[in-house]
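Trainee: The following block contains the structure, expressed as C-alpha coordinates.
The values are calculated or read from the model by the stated rules, or taken from the named source; none is laboratory data. Quick caveat, the model's predicted, so the values are computed rather than measured. Reconstructed Cβ throughout: ideal geometry from the backbone, glycine too, with neighbour counts over all protein chains shown. Side chains are part of the model used for accessible areas, which takes the heavy atoms of the whole protein and leaves out ligands, DNA and RNA. Shrake-Rupley method; radii C 1.70, N 1.55, O 1.52, S 1.80 Å.
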Amino acid sequence: MHTDSAKILVVDDDPAIRNLIFRFLNQKNYQLESAADGETALKIFEQFNPDLVILDVNLPDALGYNLCEEMQSRTDVFILMLTSRSDAADKKEGFLKGADDYLTKPFDLLELEYRVKAILKRQRTVTTSEKQPLIFKDLEINPVRREVKINERLIGLTALEFDLLHFLATRPGRVWRREELIQNVWDYEYVGDQRVVDVHIGQIRKKIETDLAEPCYIQTVRGVGYKFEVDS
(Lines give C-alpha, C1' and ligand atoms only; values in the text may rest on other atoms or scores of the structure.)
Protein backbone atom coordinates (compact mmCIF):
# COMPACT_ATOMS: atom_id res chain seq x y z
CA MET A 1 0.00 0.00 0.00
CA HIS A 2 1.42 3.36 -0.96
CA THR A 3 0.69 5.57 2.04
CA ASP A 4 -0.11 8.63 -0.08
CA SER A 5 -3.09 7.00 -1.74
CA ALA A 6 -4.32 5.29 1.42
CA LYS A 7 -8.06 5.32 2.12
CA ILE A 8 -9.09 7.20 5.26
CA LEU A 9 -12.53 7.40 6.86
CA VAL A 10 -13.08 10.38 9.20
CA VAL A 11 -15.81 9.88 11.81
CA ASP A 12 -16.74 12.85 13.99
CA ASP A 13 -20.12 14.39 14.81
CA ASP A 14 -18.63 17.89 14.98
CA PRO A 15 -18.90 19.23 11.38
CA ALA A 16 -16.16 21.83 11.93
CA ILE A 17 -13.60 19.23 13.03
CA ARG A 18 -14.76 16.65 10.50
CA ASN A 19 -14.49 19.10 7.57
CA LEU A 20 -11.18 20.49 8.80
CA ILE A 21 -9.58 17.02 8.91
CA PHE A 22 -11.21 16.04 5.62
CA ARG A 23 -9.99 19.11 3.74
CA PHE A 24 -6.52 18.96 5.26
CA LEU A 25 -5.93 15.28 4.42
CA ASN A 26 -7.57 15.70 1.03
CA GLN A 27 -4.78 18.11 0.08
CA LYS A 28 -2.29 15.35 0.97
CA ASN A 29 -3.74 13.08 -1.74
CA TYR A 30 -5.36 10.54 0.54
CA GLN A 31 -8.71 9.07 -0.57
CA LEU A 32 -11.30 10.24 1.93
CA GLU A 33 -14.81 9.56 3.15
CA SER A 34 -16.48 10.97 6.24
CA ALA A 35 -19.38 10.22 8.58
CA ALA A 36 -21.12 12.07 11.41
CA ASP A 37 -22.41 9.05 13.34
CA GLY A 38 -21.72 5.39 13.99
CA GLU A 39 -24.44 3.96 11.78
CA THR A 40 -23.32 5.92 8.71
CA ALA A 41 -19.68 5.16 9.54
CA LEU A 42 -20.28 1.39 9.46
CA LYS A 43 -22.18 1.60 6.16
CA ILE A 44 -19.35 3.59 4.54
CA PHE A 45 -16.77 1.31 6.17
CA GLU A 46 -18.34 -1.71 4.43
CA GLN A 47 -18.24 -0.13 0.96
CA PHE A 48 -15.08 1.98 1.22
CA ASN A 49 -12.89 -0.55 3.06
CA PRO A 50 -10.52 2.11 4.51
CA ASP A 51 -6.91 1.56 5.56
CA LEU A 52 -7.33 3.95 8.48
CA VAL A 53 -10.29 5.29 10.44
CA ILE A 54 -9.96 8.55 12.36
CA LEU A 55 -12.61 7.99 14.99
CA ASP A 56 -14.10 10.31 17.57
CA VAL A 57 -14.70 8.64 20.94
CA ASN A 58 -18.07 10.28 21.57
CA LEU A 59 -20.58 9.91 18.77
CA PRO A 60 -24.31 10.65 19.07
CA ASP A 61 -25.38 7.06 18.48
CA ALA A 62 -22.33 5.00 19.44
CA LEU A 63 -19.25 4.84 21.59
CA GLY A 64 -16.11 5.13 19.49
CA TYR A 65 -14.49 2.22 21.35
CA ASN A 66 -17.29 -0.16 20.36
CA LEU A 67 -17.08 0.98 16.74
CA CYS A 68 -13.33 0.45 16.85
CA GLU A 69 -13.85 -3.11 18.02
CA GLU A 70 -16.57 -3.75 15.46
CA MET A 71 -14.48 -2.44 12.55
CA GLN A 72 -11.37 -4.35 13.58
CA SER A 73 -13.35 -7.57 13.86
CA ARG A 74 -14.07 -7.20 10.13
CA THR A 75 -10.72 -6.06 8.69
CA ASP A 76 -7.15 -5.28 9.75
CA VAL A 77 -7.96 -1.56 9.72
CA PHE A 78 -5.88 0.97 11.65
CA ILE A 79 -7.76 3.19 14.10
CA LEU A 80 -6.69 6.62 15.32
CA MET A 81 -8.95 7.74 18.18
CA LEU A 82 -9.87 11.36 18.83
CA THR A 83 -10.87 12.34 22.33
CA SER A 84 -11.73 15.65 23.94
CA ARG A 85 -10.44 14.45 27.29
CA SER A 86 -6.85 13.75 28.18
CA ASP A 87 -8.16 11.24 30.70
CA ALA A 88 -5.73 8.34 31.20
CA ALA A 89 -8.51 5.80 31.79
CA ASP A 90 -9.98 6.86 28.45
CA LYS A 91 -6.78 6.09 26.62
CA LYS A 92 -6.43 2.74 28.33
CA GLU A 93 -9.98 1.89 27.26
CA GLY A 94 -9.19 2.85 23.67
CA PHE A 95 -6.04 0.76 23.53
CA LEU A 96 -7.83 -2.22 25.05
CA LYS A 97 -10.35 -2.00 22.25
CA GLY A 98 -7.55 -2.11 19.69
CA ALA A 99 -6.93 1.56 18.85
CA ASP A 100 -3.54 2.10 17.21
CA ASP A 101 -3.05 5.64 18.41
CA TYR A 102 -4.67 8.54 20.15
CA LEU A 103 -5.01 12.29 19.69
CA THR A 104 -6.51 14.60 22.26
CA LYS A 105 -8.54 17.60 21.05
CA PRO A 106 -7.65 20.30 20.35
CA PHE A 107 -4.77 19.01 18.20
CA ASP A 108 -2.42 20.48 15.67
CA LEU A 109 -3.03 19.46 12.04
CA LEU A 110 0.66 18.78 11.49
CA GLU A 111 0.61 16.48 14.48
CA LEU A 112 -2.38 14.70 12.93
CA GLU A 113 -0.53 14.32 9.63
CA TYR A 114 2.54 12.97 11.44
CA ARG A 115 0.45 10.37 13.31
CA VAL A 116 -1.44 9.34 10.16
CA LYS A 117 1.80 8.84 8.21
CA ALA A 118 3.36 6.92 11.07
CA ILE A 119 0.38 4.59 11.48
CA LEU A 120 0.15 3.86 7.76
CA LYS A 121 3.84 2.93 7.71
CA ARG A 122 3.06 0.09 10.09
CA GLN A 123 2.42 -2.70 7.65
CA ARG A 124 0.24 -5.58 8.75
CA THR A 125 2.07 -7.81 6.28
CA VAL A 126 4.92 -10.20 7.09
CA THR A 127 8.11 -11.09 5.26
CA THR A 128 8.59 -14.60 3.84
CA SER A 129 10.97 -15.65 6.62
CA GLU A 130 8.31 -14.76 9.17
CA LYS A 131 5.52 -16.71 7.48
CA GLN A 132 6.19 -19.98 9.29
CA PRO A 133 3.67 -20.80 12.04
CA LEU A 134 5.28 -20.70 15.49
CA ILE A 135 4.40 -23.54 17.85
CA PHE A 136 5.21 -23.56 21.57
CA LYS A 137 3.59 -26.33 23.62
CA ASP A 138 -0.16 -25.68 23.23
CA LEU A 139 0.28 -22.19 21.68
CA GLU A 140 0.24 -21.77 17.90
CA ILE A 141 0.87 -18.40 16.18
CA ASN A 142 0.10 -18.22 12.45
CA PRO A 143 1.47 -14.99 10.93
CA VAL A 144 -0.09 -15.47 7.49
CA ARG A 145 -3.62 -15.94 8.80
CA ARG A 146 -2.84 -13.68 11.78
CA GLU A 147 -4.36 -16.29 14.07
CA VAL A 148 -3.44 -17.49 17.53
CA LYS A 149 -4.66 -20.81 18.90
CA ILE A 150 -4.38 -22.43 22.31
CA ASN A 151 -5.05 -26.18 22.21
CA GLU A 152 -6.56 -25.68 18.72
CA ARG A 153 -8.99 -23.08 20.09
CA LEU A 154 -8.92 -19.73 18.28
CA ILE A 155 -7.97 -16.77 20.52
CA GLY A 156 -9.27 -13.31 19.58
CA LEU A 157 -6.44 -10.77 19.64
CA THR A 158 -6.55 -7.19 18.38
CA ALA A 159 -4.19 -6.40 15.48
CA LEU A 160 -1.75 -4.67 17.80
CA GLU A 161 -1.83 -7.50 20.36
CA PHE A 162 -1.04 -9.95 17.56
CA ASP A 163 1.87 -7.81 16.33
CA LEU A 164 3.29 -7.58 19.85
CA LEU A 165 2.96 -11.30 20.62
CA HIS A 166 4.39 -12.29 17.22
CA PHE A 167 7.34 -9.93 17.65
CA LEU A 168 8.22 -11.38 21.07
CA ALA A 169 7.64 -14.98 20.01
CA THR A 170 9.94 -14.73 16.98
CA ARG A 171 12.76 -13.66 19.34
CA PRO A 172 12.44 -15.98 22.35
CA GLY A 173 14.71 -15.40 25.33
CA ARG A 174 15.60 -11.85 24.37
CA VAL A 175 14.65 -9.21 26.96
CA TRP A 176 13.02 -6.06 25.55
CA ARG A 177 12.63 -2.69 27.22
CA ARG A 178 9.26 -0.96 26.77
CA GLU A 179 10.71 1.72 24.52
CA GLU A 180 12.31 -0.95 22.31
CA LEU A 181 8.97 -2.72 21.94
CA ILE A 182 7.29 0.56 21.06
CA GLN A 183 9.91 1.32 18.40
CA ASN A 184 9.65 -2.15 16.88
CA VAL A 185 5.95 -2.92 17.17
CA TRP A 186 4.36 0.52 17.02
CA ASP A 187 7.08 1.20 14.47
CA TYR A 188 7.55 4.91 15.02
CA GLU A 189 8.64 7.43 17.60
CA TYR A 190 5.69 6.95 19.93
CA VAL A 191 5.33 10.03 22.10
CA GLY A 192 2.68 8.74 24.50
CA ASP A 193 2.82 6.87 27.77
CA GLN A 194 5.07 3.78 27.66
CA ARG A 195 2.72 2.01 30.05
CA VAL A 196 0.62 1.31 26.97
CA VAL A 197 2.97 -1.69 26.54
CA ASP A 198 1.95 -3.03 29.97
CA VAL A 199 -1.71 -2.66 29.08
CA HIS A 200 -1.29 -4.70 25.90
CA ILE A 201 0.89 -7.37 27.54
CA GLY A 202 -1.77 -7.65 30.26
CA GLN A 203 -4.47 -8.17 27.64
CA ILE A 204 -2.46 -10.80 25.76
CA ARG A 205 -1.76 -12.66 29.01
CA LYS A 206 -5.44 -12.70 29.92
CA LYS A 207 -6.10 -14.42 26.60
CA ILE A 208 -3.23 -16.93 26.39
CA GLU A 209 -2.10 -17.66 29.95
CA THR A 210 -3.87 -20.11 32.24
CA ASP A 211 -2.29 -18.65 35.39
CA LEU A 212 -1.71 -14.88 35.36
CA ALA A 213 0.37 -15.06 38.55
CA GLU A 214 2.74 -17.54 36.87
CA PRO A 215 2.71 -16.73 33.14
CA CYS A 216 4.33 -19.44 31.03
CA TYR A 217 4.87 -17.45 27.81
CA ILE A 218 5.49 -13.74 28.35
CA GLN A 219 7.74 -13.15 31.36
CA THR A 220 8.21 -9.83 33.15
CA VAL A 221 11.86 -8.97 33.76
CA ARG A 222 11.77 -6.66 36.77
CA GLY A 223 13.10 -3.18 36.17
CA VAL A 224 13.76 -3.93 32.49
CA GLY A 225 10.78 -5.10 30.45
CA TYR A 226 9.51 -8.34 28.95
CA LYS A 227 10.67 -11.52 27.26
CA PHE A 228 8.99 -14.47 25.59
CA GLU A 229 10.24 -17.66 27.18
CA VAL A 230 8.67 -21.10 27.20
CA ASP A 231 9.65 -23.47 29.99
CA SER A 232 10.81 -26.67 28.37
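Trainee: Using a Gaussian network model on the chain with a 10 Å cutoff between Cα atoms, which of R146, R222, R171 fluctuates the most?
Mentor: With Cα springs under 10 Å in the chain, the top fluctuation among R146, R222, R171 is at R222.
Trainee: Please state the charge dipole magnitude for the chain, taken about the Cα centre, from unit charges on C-beta atoms (+1 on K and R, -1 on D and E), reported in debye and rounded to the nearest 20.
Mentor: The calculated dipole for the chain is roughly 620 debye.
Trainee: Next question, about the same structure. Of V196, V11, V53, which is the most mobile in a GNM of the chain whose springs link Cα atoms less than 10 angstrom apart?
Mentor: V196
Trainee: On to the next question. Where does helix 196-208 land angle-wise versus the long Cα axis of the chain, in degrees 0 to 90, nearest 10?
Mentor: 60 degrees
Trainee: For K137, put the label point 7 Å out on the Cα→Cβ axis and report which residues of segment 146-183 keep their amide N under 12 Å from it.
Mentor: 151, by backbone N distance to the label point.
Trainee: 7 Å from Cα along Cα→Cβ at both T104 and L154: what's the point-to-point distance in nm?
Mentor: Label at T104, label at L154, 3.8 nm between them.
Trainee: Just how large is the dipole of segment 1-63 about the Cα centre, in debye to the nearest 20, putting +1 at every Lys and Arg Cβ and -1 at every Asp and Glu Cβ? Mind showing how you got there, number by number?
Mentor: Values: 5 positive and 11 negative charges, 65 e Å.
Its charge dipole is roughly 320 debye.
Trainee: Tell me, how many Å apart are the Cα centres for segment 56-73 and for segment 105-123?
Mentor: Measuring centre to centre over Cα atoms gives 19 Å.
Trainee: Right, another one. Determine one quarter of the surface area of the Cα convex hull of the chain, which equals its mean projected area, and express it in nm² to one decimal.
Mentor: 12.9 nm²
Trainee: Ignoring ligands, DNA and RNA, what accessible area per residue does the chain give at 1.4 Å, in Å²?
Mentor: Per residue, the chain has 49 Å² of solvent-accessible surface.
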